[in-house]
Amino acid sequence: MESQPQLSWQAMAANLINNLENRGFNYPSLPTPEALEHLELLMEQLQMVQHIANQGYWLTTNELAMLLNLPTAAIEQIIAELERNHSNKSSQNPNLDPAHSFPWRNFRCYLILKSSSNSLTAANSPSQIFWQIAPEIAATAPYTTKSEPSKSLFPSPKSNHSPEYITPQFELIHYPITNYTTSTTANQITAQPANTTQTETNHISATIAPILFTEANAFAQAPSEIIPIQFLQIDNFLSWQQLRDLFRYTIDQETNFVGSINTNGDESYRRSQVLYQFPEFEALLKSKLTGYIEKVCEQLKIRSFIPIGIEAQLTAHNDGHFYKLHNDNGSPDTANRILTYVYYFHREPKGFSGGELVLYDGAMENNLMMAAHSSHQIQPRNNSIVFFPSQFMHEVLPIICPSRKFVDSRFTINGWVRGA
């Protein structure tokens, strides 16, 4: 006997309504398009929560707030309440204890402490607090835990010294910008000379990176001074709804992407697909960026300037795509670009590897900014944005996308702030 095809929940709802009407039931009104859209979003959210619960993933407070569409402050208030309730029970392990959880629909969110003391008062760093979701029906049953956080749906930094900056709902990662490795003692960063082997601590790669697609004459031969590049990477830049809508819009625009070009006209220097006009989301990005420019420039030690324009392009990197070593203001028509930004987004689970952004320290040679041999690799984390000065050399390492499907691409909205 052939199995029946599985119907979507929309089709099942439509069949139910038809059956009721055929049997004489007076169905008052059909769902409006707005109601159906709301139900569709709700089903996607519930399916995502169910998937995370089944996999046992751990989430940060910010990630949980995005997933459940709750204010971060509300969850932080729950944490404070749990801390007060736990003050007389410090010897007990709060992990997966119903007394240290809160319900959401038919699920329960458990507080997880990545702390040797298993104490809420000791785990006062955001990097020590995680959440695990379980179905409410299984709330009293043993639930498998992991000794370390598993892969998160919304990637977030593991650093325990990441300061809050600009707005509380965003996690800001301010990377030390010298050719140093970092170590953390008492929540302070200390610099130590880097050795010649690759080092990556707290998402920092301050090493001599593999130079696969660069020109030898772009590097300083005998630099008199190394100029460390300053950069920022901010996670959770857009809300969950904005990120979802942007991704859907990008996929719908696939046929409007064109081959990329660069100012020197060399087609072998850059391979990607670009959408130059996307007014629906260009306005959103520019509006959000406007609120960041002053504080970002202050943090990056960029001289004060008057912004006179923000450029933006939507880029897709697929299998074999790359961008060789370049800067963003090296031609007469780009000379007033001061600040570069790159916003990353992609589908989950990620369908590509590679595509790291490599930022090179600077070196002056004959009054020209060249690339030093020290560099920093930036991972293209979903829903994160990177800022750096436009005059520094950088490149995009090759992307590996086995499916070669457009939907699995490494997507960015990248652009520049021009100044006077």
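Quick note: the coordinates plus some simple rules give every number you see, no bench work behind them. Keep in mind the model is a prediction, meaning the values are calculated, not measured. Cβ sites come from the backbone with ideal geometry, for glycine too, and all protein chains shown count toward neighbours.
Key figures
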{"quantity": "Residues with amide H under 5 Å from that of Trp58, placed H, sequence gap 5 or more", "calculated": "Ser150"}
{"quantity": "Residue-by-residue Karplus 3J(HN,Hα) for segment 62-70, coefficients 6.51, -1.76, 1.60, Hz, glycine and proline x", "calculated": "4, 5, 5, 4, 5, 5, 8, 6, 10"}
{"quantity": "Net dipole in debye of segment 350-420 [+1 Lys, Arg Cβ; -1 Asp, Glu Cβ; about Cα centre; nearest 20]", "calculated": "420 debye"}
{"quantity": "³J(HN,Hα), Karplus 6.51/-1.76/1.60, whole Hz, each residue of segment 305-315, x for Gly, Pro", "calculated": "8, 9, x, 10, x, 10, 9, 8, 9, 9, 10"}
{"quantity": "Tensor-based shape of segment 287-348 (alpha-carbon gyration tensor, a/c under 1.5 rounded, otherwise prolate or oblate)", "calculated": "oblate"}
{"quantity": "Segment 45-59 - phi-based ³J(HN,Hα) in whole Hz, Karplus 6.51/-1.76/1.60, Gly and Pro as x", "calculated": "5, 5, 5, 5, 4, 4, 4, 5, 5, 5, 7, x, 5, 9, 10"}
{"quantity": "5 angstrom amide H check on Ile133, placed H, neighbours 5+ away", "calculated": "Tyr110"}
{"quantity": "Glu37/Ile261 FRET efficiency (R0 45 Å; Cβ-Cβ; nearest 0.05)", "calculated": "0.75"}
{"quantity": "Highest average packing first - 311-322, 64-75, Cβ atoms within 10 Å", "calculated": "311-322, 64-75"}
{"quantity": "Förster-model FRET efficiency, 35 Å R0, Asp245 and Asn367, C-beta, rounded to 0.05", "calculated": "0.15"}
{"quantity": "Cα centre as origin, Lys/Arg/Asp/Glu Cβ charges: segment 253-325 dipole, Debye", "calculated": "340 debye"}
{"quantity": "5 angstrom amide H check on Ser374, placed H, neighbours 5+ away", "calculated": "Asp361"}
{"quantity": "Cα gyration tensor category, rounded, prolate or oblate, for segment 360-417 with a/c compared to 1.5", "calculated": "prolate"}
{"quantity": "Cα-based shape type of segment 270-409, given that a ≥ b ≥ c are square roots of the gyration tensor eigenvalues and the cut on a/c is 1.5", "calculated": "oblate"}
